[in-house]
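The values are calculated or read from the model by the stated rules, or taken from the named source; none is laboratory data. Since we're looking at a predicted model, the values are computed, not measured. Counting neighbours? That spans all protein chains shown, and the Cβs are built from the backbone with ideal geometry, glycine included.
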């Protein structure tokens with residue numbers, strides 16, 4: 001398999017992560033469930049995964065880009081695992097989990113699966129790429145450009161949403177800190 005056939009797959013992975021961030025917007029704005037600080041860290045991790053994959057789109061496949069995806073996914077996966085562990089054994093009388101479950105699992109549990117899939121996917125890409133590309137060898141297709149710009153818009157929306165929720169200071173459990 002040559003590298004040219006892997007670029008649409010790379011963009012497909014970007015699209016999956018971007019659609020997850022869109023789903024998080026639905027929970028935040030339609031269901032009025034503001035993200036907690038750990039949720040925001042996980043969203044930032046997804047932004048980092050998108051960044052690493054988008055670097056592949058415009059600068060060619062590089063081990064450094066996949067290393068970025070893996071490092072970000074490990075850190076954000078740690079945030080997901082931390083949040084899962086916080087809700088494994090809740091205090092009696094308190095609700096289990098944080099937020100509304102989706103398909104039987106909370107968003108932070110899905111986050112851990114996504115970050116694990118990002119690590120495994122990056123490892124598979126590293127096994128499949130032949131040599132690192134130089135940016136002059138190719139130009140992105142319309143699909144790759146469309147996914148890139150859609151992902152960039154979703155990432156910008158997440159950054160702005162976090163800014164309006166938290167401001168420039170720390171982000172507290174229920175909105176801006178007093």
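In table form, for the structure just shown:
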quantity	calculated
Qualifying residue in region 28-43 (condition: at pLDDT 85 or above, within 9 Å of the chain's Cα centre (by Cα) and within 22 Å of residue 86 (Cα to Cα))	yes
So residue 119, is it closer than 14 Å to residue 42 by Cα, modelled with pLDDT of 90 or more and either in a helix (DSSP H, G or I) or out of contact with any strand residue (DSSP E or B) (no Cβ under 7 Å at 6 or more places or on another chain) (or both)	no
Residue match in region 96-109 (condition: touching a residue at least 24 places away in the same chain (Cβ under 8 Å) and under 11 Å from the mean Cα position of the chain (by Cα))	no
In region 29-43, residue surrounded by the most Cβ atoms within 10 Å (Cβ to Cβ) [restricted to those that are touching a helix residue (DSSP H, G or I) at 6+ places or on another chain (Cβ under 7 Å) and in a helix (DSSP H, G or I)]	42
Residue in region 140-158 that is over 19 Å from residue 15 (Cα atoms), part of a helix (DSSP H, G or I) and modelled with pLDDT of 85 or more present	no
Of the criteria (1) within 21 Å of residue 131 (Cα to Cα); (2) assigned to a helix (DSSP H, G or I), which one residue 79 fails	(1)
Checking residue 61 against (1) free of Cβ contacts under 8 Å to residues at least 40 places away in the same chain; (2) more than 16 Å from residue 158 (Cα to Cα); (3) not in a helix (DSSP H, G or I), the condition it does not meet	(1)
